[in-house]
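Trainee: Can you keep this structure in mind? I'll have questions shortly.
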Amino acid sequence: MDALEILFTASFWVAAIRIASPLIFATMGELICERAGVLNLGIEGIMTAGAFAGWFTVYSGGDLWAGLLVAALVGAMFGLLHATLTVPLGLSQHVVGIGVTLLATSLTYFIYRLALPEVTSPPKIEPFQPLPIPGLSSIPVFGEALFTQTPLTYLAFVSVAAVAWILYRTPIGLAVRAAGENPSAVEAQGISVTGIRMGAVVIGSALMAVGGAFLTTSAFNSFFFQMINGRGWICIALVVFGSWRPGKALIGAILFAAFDAYQVRLQQISGGIVPYQIFLMMPYALSILALILVARRATYPKALMITYQKGER
Amino acid sequence: MPDEELPFAGSAHSLPWTGKEASPATPLPVTDVSSNPALRLSRISKRFGPLKANEAISFDLKRGEVIALLGENGAGKTTLMNILFGHYVADEGSVEAFGEPLPPGDPRAALDAGIGMVHQHFTLADNMTVQENIALGTQSLWRMRLDRAAAQRRIEQLSADFGLAVDPAATVSTLSVGERQRVEILKALYREARILILDEPTAVLTPAETDALFRTLKLLVAKGLSIIFISHKLHEVMAVSDRVLVLRSGYLVGERETGSTDRKELAALMVGQEVKPAEVSPVKLGAPLLALEGVSTAPYNGAGLDKVSLTLTAGEITGLAGVAGNGQAVLAGLIAGIRRPTSGSISIAGREVADWSPRAALAHGVARIPEDRHAIGSIGDMSVTENVIAERYRSPRFSRMGFLNWKAAGRFAEKLIADYDVKCPSPEARIRLLSGGNMQKLILGRALDPDPAVILASQPTRGLDVGAVAYVHRMLLEARDRGAAILLISEDLEEVLALSDRIIVMSKGRFSTPSSRGERTIRELGDLMAGHSGEHSDHAA
């Protein structure tokens, strides 16, 4: 099979969409936070915590959906911590974000070790199974790629539509967007900036955790250390790539995932002549290129990372 | 709102604005509500640290009345209105709207009570449309769908009723300042505001936009709204208000019916003493200090310079008048060292300077008072001390071997604060917390302290109140009498006429022939500014 043919196989696109799914959840989560004016660098740790919480719930006998719910709640709790420190207390969003990532990651590993002190190979669970959509899934390539996925992937796409709808079609979405652009506009219309921003960070963090849980309950079937592997940071870049718009960010997530799926297949056909690290690097190098091309024109939320405190001049 | 027909509305609270009658001890009957004033402020006090922003301020706003709140920058006008609207919580005192007490620190309650506020710095989200900005917060946050159609209809209706033309679908970032202000007024009307507070509404408007705003205000009053108009411009206050309240240093120092007072009296109340125009002593010309010879530049913010020549002489103020965008910005940048000439030469005291830069300008004794004190003149989040040494931190007075001498810097800041009568909490305060006039005094002090040879003053009194304007003028004239060569660039013709020993009009990057003090009338200068005369010359000045 040569390098171009890969692009026309269904299995390649099935993989690309699967790889994109956790990125989509987490990117939507980050996008909500940033639209409200809060940079959430806790994303990497919150995804780790979500991955573990989802998996551990199922491993302890819970339902898969219960696992997802627990992951979301754990994410929301870390979101609440982040929001409390950055919004009403006005601490540096960078420092708090990195702190939350370190805390959530370390705490997760710690609890894993406490709960499973003896294991050497990570225990497995029965993950979400593919749920082909009758009719649609038999469309060649396109249908197979999109409609033979697990229910969680479908949910990822629903989350994009929901975030887009909420941001652009609902009163609360207006308030979120205004909070990220000019918080005093929100305050002057009688809405609490603190409330809006904290709510956005909590909900956004829950989405990030669901993205993490996708990895342990849908893409794979166990939890292991380092499994998030920088995906959170990629999502931060995807938000910029998408100019803080859900639809564009979705395209970015799929594009990145396609690069990732492609490099795995290129490794297989290259026959070991090229060092595999070159291929591993490819999606990241291409992301940087894409960011350079796209993000220069991005219009970022003007009040992003600017703390707002009522009654302060 | 006429209430003469109500049988028991009369005598008990007649003349509510005098603030002398006791408030009724028993609750009023429901039908009597209309006799309450629109607003009643009782002994409002607010302090920021040691600074008394408001001190026991009480007044009533009658229905259908326009009150002007007059005061210098930093007199406490904006603080008072922010308390009223719930952005700040007062340390003492209470507010009643239409007879109902207003809970402190709650903008939502103020909105619900019918108070609308047009802030000095607009509170609009630039990335959203007019319609979205107006609808923000007017529909339940838990609705699953924003009712755009209803919002659209209502905005169109209000636009038509009040003559506030603006496209609801336009994104705010594309609107002019005047249009943005209309959106702010529409925001208040959309929420059925019955009291409208406008904080320095004309500061950012062109004269034509100001006239349109005044027409709108008349219409609003005719429809029964009560208005508080905050300003430090006397002619505006005289033009729009029924009653004037004067604030000074946080105290309510005077109250006049607009019909029975005049600009002079109000100015004296506002400043605390009679404001006299600056006295100009006869000019004593010295040596030429700075000369431009056939200088051209690339365009910037309008026209570039087109082979202009200019000599600034010791002991003389050269006034440069002109409509914005005709090259004044480039000329100011050039002399400040920020812009470079594409051709021509710059000489200081007769010697040509080859590498012209901000540092070279400072080293050659050119002091700068920049046009935009917020963007260029100061660094808002740095302290007063840091700002006052910003141009001279390298001098041995403020640093040694690369280490700053904070003691000397602090002493210098304290000296400027004392000498120039700057109102600020401490030298450590962030400079953006200072009012415009106080910030300008510091910048003036920073520029004048080293006794500069050349002073570049760009729009030195823009946005300042009467007292501060007179102060800046006096300082510039004193510097001139000490032998400085001053270039005054101003869009305010009265200012140019009052201060300049020599006036040049700038049009399309070139100079008119200069005229000496009193030679041309304001009208002749206006004609020159409009470019109606062909008397441009290449080697004018």
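All of the numbers you see were taken from the coordinates with simple rules; none came from a lab. The structure displayed is predicted, hence computed values, not measured ones. Neighbour counts are summed over all protein chains in view; Cβ atoms, including those assigned to glycine, are modelled from backbone coordinates with ideal geometry.
Trainee: So what's the back-of-envelope 222 nm ellipticity for chain B, counting only DSSP H runs of four-plus at -39500 (n - 2.57) apiece and dividing by all residues, rounded to 500? Present the calculation step by step, with values, prior to reporting the outcome.
Mentor: Values: 16 runs with 160 residues, N = 541.
Per the formula, -8500 deg cm²/dmol.
Trainee: Next up: Remind me, relative contact order of chain B in percent, using alpha carbon pairs under 8 angstrom and six or more residues apart?
Mentor: Details: 1058 pairs, mean separation 75.9, N = 541.
Over chain B, the number comes to 14 percent.
Trainee: Continuing with this model, one more query. Which aspartates and glutamates, if any, have their Cα less than 19 Å from the Cα of A:Lys124, not counting same-chain residues under 8 positions apart?
Mentor: A:Asp63
Trainee: Now a separate question. Expressed as cubic angstrom per residue, what is the convex hull volume of the alpha carbon set of the range A:100-158?
Mentor: Working: hull volume 8.4 nm³, N = 59.
Value for the range A:100-158: 142 Å³ per residue.
Trainee: Read phi for every residue in the range B:350-356 and hand back ³J(HN,Hα) as whole Hz from Karplus 6.51 cos²θ - 1.76 cosθ + 1.60, θ = phi - 60°, with x for Gly and Pro.
Mentor: Each residue of the range B:350-356 in turn: x, 10, 6, 9, 7, 9, 7 Hz.
Trainee: With an 8 Å Cα cut-off and a minimum separation of 6 or more residues, compute the relative contact order for the range B:380-450 in percent. All intermediate terms of the calculation are to be shown ahead of the outcome.
Mentor: Numbers: 74 pairs, mean separation 28.1, N = 71.
Here the relative contact order equals 40 percent.
Trainee: Restricting things to Cα coordinates, could you compute the convex hull volume per residue of the range A:144-208 in Å³? Don't jump to the answer; show the numbers that get you there.
Mentor: Details: hull volume 5.7 nm³, N = 65.
It comes to 87 Å³ per residue, whole-number rounded.
Trainee: Right, here's the next one. For A:Cys235, A:Cys33, what ranking results if the residue with the fewest other Cβ atoms within 10 Å of its Cβ goes first? Let's see the in-between values first.
Mentor: Working: A:Cys235 29, A:Cys33 34.
If I rank by nearby Cβ atoms, fewest first, I get A:Cys235, A:Cys33.
Trainee: Using only the alpha-carbon atoms of chain B, report the extent along each of the three principal axes, biggest first, to the nearest angstrom.
Mentor: Sorted from largest, the Cα extents of chain B read 84, 51, 49 Å.
Trainee: If the elastic network links every pair of Cα atoms under 10 Å, which of A:Gly211, A:Gly97, A:Gly190 fluctuates the most in the Gaussian network model of chain A?
Mentor: Result: A:Gly190 has the largest fluctuation of those listed.
Trainee: Let me ask another. Rg and Dmax of the range B:380-450, Cα atoms, in Å?
Mentor: Rg, Dmax (Cα atoms, Å): 11.3, 35.
Trainee: Next up: Compute the longest continuous run of chain A that contains no exposed GluC sites (Glu not before Pro); treat a site as exposed when its DSSP state is not H, G, I, E or B and it has at most 13 other Cβ atoms within 10 Å. Spell out each step's value before the answer.
Mentor: Values: sites that count: A:Glu118, A:Glu312.
The longest uninterrupted stretch comes out as A:119-311.
Trainee: On to the next question. Sequence neighbours fewer than 8 away in the same chain don't count; with that in mind, list the lysines whose C-alpha is under 20 Å from B:Lys307.
Mentor: Qualifying lysines at Cα under 20 Å: B:Lys508.
Trainee: Work through the residues other than A:Gly252 whose Cβ is under 13 Å from its Cβ and net out their charges, Lys, Arg +1 and Asp, Glu -1. List each step's numbers first, then the result.
Mentor: Details: positive: A:Arg245, A:Lys248; negative: A:Glu30, A:Asp260.
Charge balance in the 13 Å sphere: 0.
Trainee: Given 20 °C and 1.002 mPa s, compute D for the range B:312-423 with the Stokes-Einstein relation, Rh being the Kirkwood radius over Cα pairs; round to the nearest whole µm²/s. Display every interim value, and only then the final one.
Mentor: On the way: Rh = 16.4 Å.
The estimated diffusion coefficient comes to 131 µm²/s.
Trainee: Please list, in chain and number order, the residues 5+ apart from B:Leu290 or on another chain whose amide H is under 5 Å from its amide H, with Hs placed from the backbone.
Mentor: B:Leu312, B:Ala349
Trainee: Identify the chymotrypsin sites (Phe, Trp or Tyr not before Pro) of the range A:175-282 meeting these criteria: DSSP loop state and at most 15 other C-beta atoms within 10 Å of the C-beta.
Mentor: Working: sites: A:Phe214, A:Phe220, A:Phe223, A:Phe224, A:Phe225, A:Trp233, A:Phe241, A:Trp244, A:Phe256, A:Phe259, A:Tyr262, A:Tyr276, A:Phe279; in loops: A:Phe220, A:Phe223, A:Phe224, A:Phe225, A:Trp244.
Of the chymotrypsin sites (Phe, Trp or Tyr not before Pro), the ones in loops of the range A:175-282 whose Cβ has at most 15 other Cβ atoms within 10 Å are A:Phe224, A:Phe225.
Trainee: Counting only Cα, what are the radius of gyration and maximum Cα-Cα distance Dmax of the range A:53-157, in Å?
Mentor: 18.6, 54
Trainee: What do you get when you divide the Cα radius of gyration of the range B:416-541 by 2.2 N^0.38 Å, with N the number of residues? It would help to have the intermediate numbers written out before the result.
Mentor: On the way: Rg = 16.7 Å, N = 126, 2.2 N^0.38 = 13.8 Å.
Normalised Cα radius of gyration, the range B:416-541: 1.21.
Trainee: Another question, then. Write down the Å³ per residue value for the convex hull defined by the alpha carbon atoms of the protein assembly as shown. Mind dumping the intermediate values first?
Mentor: Numbers: hull volume 206.8 nm³, N = 854.
Dividing the Cα hull volume of the protein assembly as shown by its residue count gives 242 Å³.
Trainee: Also, I was wondering about something else. About its Cα centre, how strong a charge dipole does chain B have in debye, to the nearest 20, once Lys and Arg get +1 and Asp and Glu get -1 at the Cβ? Could you put the intermediate results ahead of the total?
Mentor: Details: 60 positive and 65 negative charges, 294 e Å.
Dipole size: approximately 1420 debye.
Trainee: Another question about this same structure. What list of ³J(HN,Hα) couplings, whole Hz, do you get for the range B:431-437 from phi and the Karplus terms 6.51, -1.76, 1.60, once you set θ to phi - 60° and write x for glycine and proline?
Mentor: Result, ordered by residue: 5, 6, 7, 7, 6, x, x Hz.
Trainee: Evaluated at 37 °C with a viscosity of 0.692 mPa s, what Stokes-Einstein diffusion coefficient in µm²/s does chain A have when Rh comes from the Kirkwood expression over alpha-carbon pairs?
Mentor: Diffusion coefficient, whole number: 164 µm²/s.
Trainee: Further question on the same structure: Helix-derived [θ] at 222 nm for chain A: sum -39500 (n - 2.57) over DSSP H runs of at least 4, divide by residue count, nearest 500?
Mentor: On the way: 12 runs with 209 residues, N = 313.
So the calculated ellipticity at 222 nm is -22500 deg cm²/dmol.
Trainee: If you don't mind, another one. Work from the charge dipole of chain A (Cβ charges, +1 for Lys and Arg, -1 for Asp and Glu, about the Cα centre) and give the residue of A:Ser92, A:Met77, A:Leu41 farthest towards its positive end.
Mentor: Of the candidates, A:Ser92 comes out farthest on the positive side.
Trainee: Further question: Provide the net charge surrounding A:Gly230, with neighbours chosen by a C-beta distance below 15 Å and charges set as Lys +1, Arg +1, Asp -1, Glu -1. Walk me through the intermediate numbers first.
Mentor: Working: positive: A:Arg231; negative: A:Glu30, A:Glu44, A:Asp260.
That works out to -2.
Trainee: Right, next: Which value, in Å to one decimal place, does the Kirkwood hydrodynamic radius take for the range A:196-313 when every pair of different Cα atoms is included?
Mentor: Values: mean 1/r = 0.0595 Å⁻¹.
It works out to 16.8 Å.
Trainee: Aspartates and glutamates within cross-link reach of B:Lys415: Cα-Cα under 16 Å, excluding same-chain residues under 8 positions apart?
Mentor: B:Glu386, B:Glu428, B:Asp449, B:Asp451
Trainee: What's the angle, to the nearest 10 degrees (0 to 90), between helix A:43-59's Cα axis and the longest principal axis of chain A?
Mentor: It is inclined by approximately 60 degrees.
Trainee: Using only alpha carbon positions, build the gyration tensor of the range A:5-61, then give the equivalent ellipsoid semi-axes as the square roots of 5 times its eigenvalues, largest first, whole angstrom. Let's see the in-between values first.
Mentor: Values: eigenvalues 143, 86, 11 Å².
Its equivalent ellipsoid spans semi-axes of 27, 21, 7 Å.
Trainee: Just the number, please: Stokes-Einstein D of the range B:39-271 in µm²/s, Kirkwood Rh from C-alpha pairs, 37 °C, 0.692 mPa s. Before the final figure, lay out the partial values.
Mentor: Working: Rh = 18.2 Å.
Rounded to a whole number, D works out at 180 µm²/s.
Trainee: Can you give the FRET efficiency to the nearest 0.05 for B:Ala170 and B:Arg340, using r as the Cβ-Cβ distance and R₀ = 45 Å? Intermediate results must be reported in sequence, preceding the final value.
Mentor: Details: r = 39 Å, r/R0 = 0.87.
Step by step, r from the Cβ atoms, then E = 0.70.
Trainee: Between 0 and 90 degrees, rounded to the nearest ten: what's the tilt of helix A:193-214 against the longest Cα principal axis of chain A?
Mentor: Between the helix axis and the principal axis of chain A, the angle is about 10 degrees.
Trainee: Between the helical axis of A:171-181 and the dominant principal axis of chain A, each derived from Cα atoms, what acute angle in degrees is found, rounded to the nearest 10?
Mentor: 80
Trainee: Filter the cross-link list B:Lys46/B:Lys423; A:Lys310/B:Lys441; B:Lys233/B:Lys276; A:Lys310/B:Lys52; B:Lys77/B:Lys264; B:Lys218/B:Lys423 down to pairs whose alpha-carbon distance in this structure exceeds 25 Å. Present the calculation step by step, with values, prior to reporting the outcome.
Mentor: On the way: B:Lys46/B:Lys423 16 Å; A:Lys310/B:Lys441 29 Å; B:Lys233/B:Lys276 16 Å; A:Lys310/B:Lys52 20 Å; B:Lys77/B:Lys264 20 Å; B:Lys218/B:Lys423 36 Å.
From the list (B:Lys46/B:Lys423; A:Lys310/B:Lys441; B:Lys233/B:Lys276; A:Lys310/B:Lys52; B:Lys77/B:Lys264; B:Lys218/B:Lys423), the Cα-Cα distance tops 25 Å for A:Lys310/B:Lys441; B:Lys218/B:Lys423.
Trainee: Still on this structure: Would you compute the Debye intensity of the range B:432-482 from its alpha-carbon atoms alone, equal scatterers and no solvent, and pass along log10 I(q)/I(0) at q = 0.16, 0.22, 0.26 Å⁻¹ to two decimals?
Mentor: With one equal scatterer per Cα and no solvent, log10 I(q)/I(0) is -0.43, -0.80, -1.07.
Trainee: Next question. Go through the range A:26-34 residue by residue and turn each phi into a ³J(HN,Hα) via Karplus (6.51, -1.76, 1.60, θ = phi - 60°); whole Hz please, and just put x for glycine and proline.
Mentor: Each residue of the range A:26-34 in turn: 5, 5, 4, x, 5, 4, 4, 4, 6 Hz.
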